[in-house]
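*Asks:* Right, I'll just put the structure down here and ask away after.
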Amino acid sequence: MEKDKKLILFMPSMEGGGVEKNIILIANFLADSIKNIYLITFDSKFKNKFDKRINIISPNKKNGKYSKYSKYFYCLIELFKILLNSKKVLVFAFQANIYCIIVAKILKKKIIIRSNSAPEGWSKNLIKNFIFKIFFRFSDCIIVNSKIFKKKIDSIFNVKSVCIYNPLNKEEILKKCKIKIYSTIFKNKKSLKLINVARFTDQKNHLLLLESLRDIKHKLNFELVLIGYGPNKKIINNFIKKNNLSNKIKVLSYDDNPYKYIKQSDVFILTSN
């Protein structure tokens, strides 16, 4: 990119999941070739993970809880201010895609959006589906992370998306998995050790995994550890308790380094849709 051009990465809410890891890897990679790169985010707790050459912009805020949409609102104001005062700029949105498209196109700027969740999770609402069909077409590029995802989103919204797989930092993973743990998360040495690391949301479909293990709990000696966070945690815990699986299934909170636990397991299972 030319020296006077700017790249704006937009991700208001950063909670520590896979999308956050993706934007950190992508931003740090792009910092090697782009001089003026900015990140607009409401949450600055991951600031130290970004390359120092990246300009991080966070709205002024008071202490207290903010909803996802209030974070979007304050960050969109920051986006509007930058776009209003910049001639050559490209927006790369990881969240709030429709809002970003509207702001960018009002100010006649180019925008790339990255859709992080499968369309069946948010296209069932007829009004939302109609809005997405209209505004997706105004994006200069839509990035998705799988070929199946591309096929679905192109068909549902009549667009031509681009499939780019999620980035992977192999060196970091190998380094983190070697960190020693002085206690094991698996108690039974003779059991088949299963692990799942994912947000506790409908899209990750933990109930499919839990229902499957419930049906074979008398045929297979196993232990399962679930690591994550999200709105479905209570549903997951209730299912485990109701089906008498507490002695076989353990739920752990999100950890920045799940690889040290994955290394202890025999099988990693992901039942995401």
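The values are calculated or read from the model by the stated rules, or taken from the named source; none is laboratory data. What you are looking at is a predicted structure, and each value in this text was computed from that prediction instead of being measured. A quick note on method: Cβ atoms are made from the backbone with ideal geometry, for glycine too, and the neighbour counts reach across all protein chains shown. These area figures cover heavy atoms from the full protein model, side chains too; ligands, DNA and RNA do not enter into them. Shrake-Rupley method; radii C 1.70, N 1.55, O 1.52, S 1.80 Å.
*Asks:* Would you work out the charge dipole size for region 42-114 about its Cα centre, treating the Cβ of every Lys and Arg as +1 and the Cβ of every Asp and Glu as -1, and quote it to the nearest 20 debye? Kindly include the intermediate steps, with their values, before the conclusion.
*Replies:* Numbers: 18 positive and 3 negative charges, 23 e Å.
I would put it at about 120 debye.
*Asks:* State the extension gain, in nm to one decimal, for the chain segment bounded by Asn257 and Cys163, taking 0.36 nm per residue of separation less the distance between their alpha-carbons. Spell out each step's value before the answer.
*Replies:* Working: separation 94, 0.36 × 94 = 33.84 nm, distance 2.72 nm.
Full extension from Asn257 to Cys163 adds 31.1 nm.
*Asks:* Another question, then. With +1 assigned to the C-beta of every Lys and Arg and -1 to the C-beta of every Asp and Glu, and no other charges, what is the dipole magnitude of the chain about the Cα centre in debye, to the nearest 20?
*Replies:* Once rounded to the nearest 20, the dipole reads 240 debye.
*Asks:* Could you tell me the calculated FRET efficiency between Asn244 and Cys141, based on Cβ-Cβ distance and R0 = 51 angstrom, to the nearest 0.05?
*Replies:* Details: r = 50 Å, r/R0 = 0.98.
Efficiency, from the Cβ-Cβ distance: 0.55.
*Asks:* Would you please give the FRET efficiency between Asn205 and Ile134, computed as 1/(1 + (r/R0)^6) with r the Cβ-Cβ distance and R0 = 30 Å, to the nearest 0.05?
*Replies:* Numbers: r = 30 Å, r/R0 = 0.99.
That gives a FRET efficiency of 0.50.
*Asks:* Right, next: Calculate the FRET efficiency for Lys81 and Glu171 from the Cβ-Cβ distance with a Förster distance of 45 Å, rounded to the nearest 0.05. Could you put the intermediate results ahead of the total?
*Replies:* Details: r = 37 Å, r/R0 = 0.83.
That gives a FRET efficiency of 0.75.
*Asks:* Sticking with this structure for a sec: Using modelled backbone amide H atoms (1.01 Å from N, in-plane), which distant-in-sequence or interchain residues come within less than 5 Å of Leu252's amide H?
*Replies:* Leu226, Ile227, Gly228
*Asks:* Nearest 20 debye, what's the magnitude of the dipole of region 1-102 about its Cα centre given +1 on Lys and Arg Cβ and -1 on Asp and Glu Cβ? Mind dumping the intermediate values first?
*Replies:* On the way: 18 positive and 8 negative charges, 57 e Å.
The dipole magnitude comes to about 280 debye.
*Asks:* Lys and Arg at +1, Asp and Glu at -1: add these up for the other residues within a Cβ distance under 12 Å of Phe92 and post the number.
*Replies:* Numbers: positive: Lys6, Lys109, Lys110, Arg114; negative: Asp140.
That works out to +3.
*Asks:* What order do you get for 174-185, 224-235, 193-204 when each peptide is scored by the mean count of other beta carbon atoms within 10 Å, highest first? Before the final figure, lay out the partial values.
*Replies:* On the way: 174-185: 10.3, 224-235: 17.8, 193-204: 20.7.
The densest-packed peptide leads the list: 193-204, 224-235, 174-185.
*Asks:* Follow-up question, since we're still on this one. To the nearest 10 degrees, how steep is helix 233-242 against the longest Cα principal axis of the chain, on a 0 to 90 scale?
*Replies:* Orientation of helix 233-242: about 20 degrees from the principal axis.
*Asks:* Which is farthest toward the positive dipole end of region 1-143 among Ile26, Pro59, Met11, measuring Cα position about the Cα centre, with Cβ charges +1 (Lys, Arg) and -1 (Asp, Glu)?
*Replies:* Pro59
*Asks:* Another question about this same structure. Report, to the nearest whole %, how much of the accessible area of the chain belongs to carbon and sulfur atoms, 1.4 Å probe, protein only.
*Replies:* Numbers: 9010 of 16190 Å².
For the chain, the apolar C and S fraction of the accessible surface comes to 56 percent.
*Asks:* For the chain, what does the accessible surface come to per residue with a 1.4 Å probe? Please give it in Å².
*Replies:* In whole numbers, the chain has 59 Å² accessible per residue.
*Asks:* What is the spin-label model distance, in nm, from Tyr69 to Ile185 if the labels are put 7 Å beyond Cα along the C-beta direction?
*Replies:* With each label placed 7 Å out from Cα toward Cβ, I get 3.5 nm.
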